[in-house]
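Participant: Mind looking over this structure? Questions follow.
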Amino acid sequence: MNKAKPVVALAVIAALAIAAALAWWLLAVKPNPNSLILYGNVDLRQISLAFNSSERVEQMLAAEGDQIKANQVLAALDTTVLTLRLARAQAQANVQQQALQSLEAGSRPEEIAQARAETAAAQARADQARQQYQRLRDATARTKGQAVSREQLDAARADQAVALAQLNRANKALELAIAGPRQEAIGQARAQLAAAQADLALVRQQLADAKLKAPADATVRSRLLEPGDMASPQRPAYTLALTSPKWVRAYIPETELGNVQPGQAAQVLTDSHPEQALPGRVGYISSVAEFTPKTVQTEDLRTSLVYEIRINVDDPDNRLRLGMPVTVSLSMTGKDADGAAAPSTPGSQRP
């Protein structure tokens, strides 16, 4: 009889364990008779993060598993060449800036004064040549060509024409000095300055892109480069898994489709934390039926046509991982007071 007591005790303990497991399943997995239980897997968005330019990697500041924040610097390139390009672009922009300012300022007062002086000198030479030609012509008339030869008269006439041409050129030069540069020349200088400033902005952006920053809060899944590697836009440096949004991809049969609505509340349970349900809501219901995927774990759905749904999950403690199997409990809020399913059409909202 004493030997039978341990056996009875073990049987009682086993019965209690089975009862406890059954009670947990009824309370946690099926909170009420109107709940719809689905099985799915956690899904989230991933990013392949690469540099915008090709240069030698200088620093890799994050490793697999690191939790990173938006705008956090994850890696950096060698910027020696970019720094030199920046200095050259800055110098070229300064040259074009000075050239434009010189054209916009117009002629200096000293240049205008010099043009006026040259015009006065040309006027004096023209007057002298005219007077010389007039004297020789008058002498020729008085002496009937005896005092002045024809060659001398022709030379004086030519000197007068040259002096008048020089005076006209000096007058035009004075007008140009007063008017200043042409608007077309100023416009060309402005365009050249804009091009130089664009080159400068491009180099500055390349210098900023030499630091690889996280676009959002995420977890580092893969570190694909190391210091000394040659980076390129086609070669990712990191693969990131976004921490938000997270959703569960599950499948629902057509017979239950009328009981699910976009925005409907849900609870998500994991095997590692079966007692702590995560709140969620239905974010997307497929409008097209498909054959049951192999990942669906219920026997009665393996050969059925089902609709994909996505349940957006609030996971502030970051417990969910990509691909993790979970259990989803949906309250049958789509039923009316008589228990009949309310009509519904699949939605098309994406998370």
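The values are calculated or read from the model by the stated rules, or taken from the named source; none is laboratory data. It should be emphasised that the depicted structure is a prediction, and the values quoted were computed from it without experimental measurement. For neighbour counting, all protein chains shown are included, and Cβ atoms are generated from backbone atoms with ideal geometry for every residue, glycine included.
Participant: Condition test on GLU64, is it modelled with pLDDT of 90 or more and under 30 Å from THR327 (Cα atoms)?
Facilitator: yes
Participant: Please find, within the stretch 64-77, the residue that is surrounded by the fewest Cβ atoms within 10 Å (Cβ to Cβ) out of those that are under 22 Å from the mean Cα position of the chain (by Cα) and in a strand (DSSP E or B).
Facilitator: Among those that are under 22 Å from the mean Cα position of the chain (by Cα) and in a strand (DSSP E or B), it is VAL73.
Participant: Sticking with this one: If I filter the stretch 331-347 for residues that are within 34 Å of the chain's Cα centre (by Cα) and at pLDDT below 80, do I get at least one hit?
Facilitator: yes
Participant: Among the residues of the stretch 196-224, count how many are without any contact (Cβ under 8 Å) to a residue 40 or more places away in the chain, small (Gly, Ala, Ser) and more than 14 Å from LEU77 (Cα to Cα).
Facilitator: Total meeting the criteria: 2.
Participant: Condition check: buried (at least 19 other Cβ atoms within 10 Å of the Cβ) and within 27 Å of THR79 (Cβ to Cβ). Does TYR251 satisfy that?
Facilitator: Here the answer is no, as TYR251 does not meet what is asked.
Participant: Does LEU225 satisfy being within 18 Å of ILE47 (Cα to Cα) and either in contact with a Lys or Arg (Cβ under 6 Å, 6 or more places away or on another chain) or not in a strand (DSSP E or B) (or both)?
Facilitator: Yes.
Participant: Do we have any residue at all in the stretch 138-152 that's on the phi > 0 side of the Ramachandran plot and either in the same structural domain as ALA179 (by the TED database) or in contact with a Lys or Arg (Cβ under 7 Å, 6 or more places away or on another chain) (or both)?
Facilitator: yes
Participant: Since GLU64 meets every condition but one in (1) in contact (Cβ under 8 Å) with a residue 60 or more places away in the chain; (2) within 30 Å of GLN160 (Cβ to Cβ); (3) charged (D, E, K, R), which condition does it not meet?
Facilitator: (2)
Participant: May I pose another question? Going through the stretch 262-276 one residue at a time, which ones are closer than 12 Å to SER331 by Cβ and either crowded, with 18+ Cβ neighbours inside 10 Å or of a type in the set (Ser, Thr, Tyr) (or both)?
Facilitator: Across the stretch 262-276, the qualifying residues are GLN264, ALA266, GLN267.
A quick yes/no check of all residues on (1) of a type in the set (Asp, Glu); (2) surrounded by 15 or more Cβ atoms within 10 Å (Cβ to Cβ); (3) within 47 Å of the chain's Cα centre (by Cα):
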| site | (1), (2), (3) |
| --- | --- |
| GLU58 | yes, yes, yes |
| ALA62 | no, yes, yes |
| VAL95 | no, no, yes |
| GLN123 | no, yes, no |
